[in-house]
1. Can you tell me which residues in region 64-75 are surrounded by fewer than 16 Cβ atoms within 10 Å (Cβ to Cβ) and in contact (Cβ under 8 Å) with a residue 60 or more places away in the chain?
2. Going by the structure shown, is Glu110 within 30 Å of Thr219 (Cα to Cα), open to solvent by 20 Å² or more (accessible area, probe 1.4 Å) and in a strand (DSSP E or B)?
3. Any residue at all in region 241-248 that is of a type in the set (Phe, Trp, Tyr), surrounded by fewer than 16 Cβ atoms within 10 Å (Cβ to Cβ) and either out of contact with any Cys (no Cβ under 7 Å at 6 or more places or on another chain) or within 25 Å of Glu22 (Cβ to Cβ) (or both)?
4. Among residues belonging to region 56-92 that are in a loop (DSSP other than H, G, I, E, B) and under 18 Å from Ala109 (Cβ atoms), point out the one that is farthest from the chain's Cα centre (by Cα).
5. Working only within region 1-27, note down all residues that are closer than 20 Å to Leu105 by Cα, touching a residue at least 24 places away in the same chain (Cβ under 8 Å) and in a loop (DSSP other than H, G, I, E, B).
6. Taking region 192-208 as the region of interest, how many residues are closer than 18 Å to His233 by Cα and outside any loop (DSSP other than H, G, I, E, B)?
7. Among the residues of region 254-289, which ones are closer than 29 Å to Asp51 by Cα, open to solvent by less than 20 Å² (accessible area, probe 1.4 Å) and not hydroxyl-bearing (Ser, Thr, Tyr)?
8. Could you grab the pairs with beta carbons closer than 7 Å, sequence gap of 6+ or different chains, first residue in region 261-276 and over 18 Å from Gly200 (Cβ atoms), second one at pLDDT 85 or above and open to solvent by 50 Å² or more (accessible area, probe 1.4 Å)?
Amino acid sequence: MAKKISLKIIDGNNSGTIFELEDGKRYEVRRVPPGGIPDNIDRRQAVFLNDPEASKLHASLTVMSGELIAQDLGSTNGIYVNGRRASKALIANNDKLRIGTTVFLASIAEENISDARTFVGKTPSQYSKSTHDFKKLAKVLDEKIIFEPDLRVQSPYSVGDKGHDVFVELLSEATKLSSEDLPTQNMVDGYLFSVKILAGQDEGESFDFYKKSIVVGRTKDLWLKDKSVSREHAIIELAGRGIFKIKDVGSQNGTFINDQRVQMATFREDDVVRLGDTALSFSCKPEDF
């Protein structure tokens with residue numbers, strides 16, 4: 001049984017924000033820089049704090065085999081676990097970790113990974129039964145969609161089974177498309193999902209992406225007119241069929257899923273994502289599009 005590890009801010013700026021941490025990853029805890037986040041910082045592997053007493057690079061959080069380890073990286077004010085200063089510490093369930101003036105409450109619990117969601121949506125997962133085998137489940141969640149761009153292609157070609165060159169050659173023969181109309185490498189290797197704007201200045205608009213992850217904000221992949229949205233607000237990644245992951249990258253106004261503020265989280269189709277005054281929903285395209 002896998003462990004679900006998360007940190008919730010219970011005191012300090014952005015109280016109530018939840019950080020979900022993934023196994024096998026190391027996160028750097030940083031103070032949000034006043035001039036924006038430099039390009040040399042990996043936003044996916046960073047936890048940003050709006051805390052004046054946090055150092056520019058304060059600490060690291062490492063998750064290995066279901067264990068959470070916090071380590072001071074030479075900060076000015078140090079890290080504290082349950083009120084005691086530590087240079088490196090193993091964090092247990094319900095431990096309180098203080099970085100600057102920000103206090104986190106650790107939650108480390110056994111999780112049925114088959115559910116693969118953080119927030120309850122309208123429809124429960126069909127793979128949520130505890131009897132499902134992990135390897136079988138992983139295969140299901142890692143399933144590639146079928147790319148079938150033209151009905152004249154007699155049989156669909158699995159993106160995961162064929163290379164781009166073979167796929168394009170077969171598609172060209174079946175459809176007689178010119179080279180300019182054939183799918184690019186990114187389209188074939190990527191995923192197709194759709195984003196719909198539910199509320200905000202762009203309400204009613206929808207966008208399709210042939211990518212596994214996108215940057216949402218007032219620049220990059222999904223550009224929003226909403227001035228309450230940061231230039232680079234969040235990264236959203238397709239993690240499985242109907243399963244998405246979101247990472248706030250130091251936005252000013254935060255990221256919310258079903259009205260719960262999050263920093264890193266997993267969500268599903270039908271969950272509502274809010275960035276600033278803009279509400280969005282994400283969905284995978286049906287295989288027969």
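The values are calculated or read from the model by the stated rules, or taken from the named source; none is laboratory data. In this text the structure is predicted, and so the values were computed from the model without any measurement. Virtual Cβ from ideal backbone geometry, glycine too; neighbours counted across all protein chains shown. Ligands, DNA and RNA are excluded from the accessible area calculation, which covers all protein heavy atoms including side chains. Shrake-Rupley method; radii C 1.70, N 1.55, O 1.52, S 1.80 Å.
1. Correct list: Gly66 only.
2. Here the answer is no, as Glu110 does not meet what is asked.
3. No: zero hits.
4. Ranking the candidates gives Ala92 first.
5. Gly12, Asn13, Asn14, Gly16, Thr17, Glu22, Asp23, Lys25, listed by residue number.
6. 6
7. Gly254, Ile257, Val262, Gln263, Met264, Ala265, Phe267, Val273, Leu275, Gly276, Ala279, Leu280
8. Pairs that qualify, where the first residue is over 18 Å from Gly200 (Cβ atoms) and the partner is at pLDDT 85 or above and open to solvent by 50 Å² or more (accessible area, probe 1.4 Å), are Thr266/Lys245.
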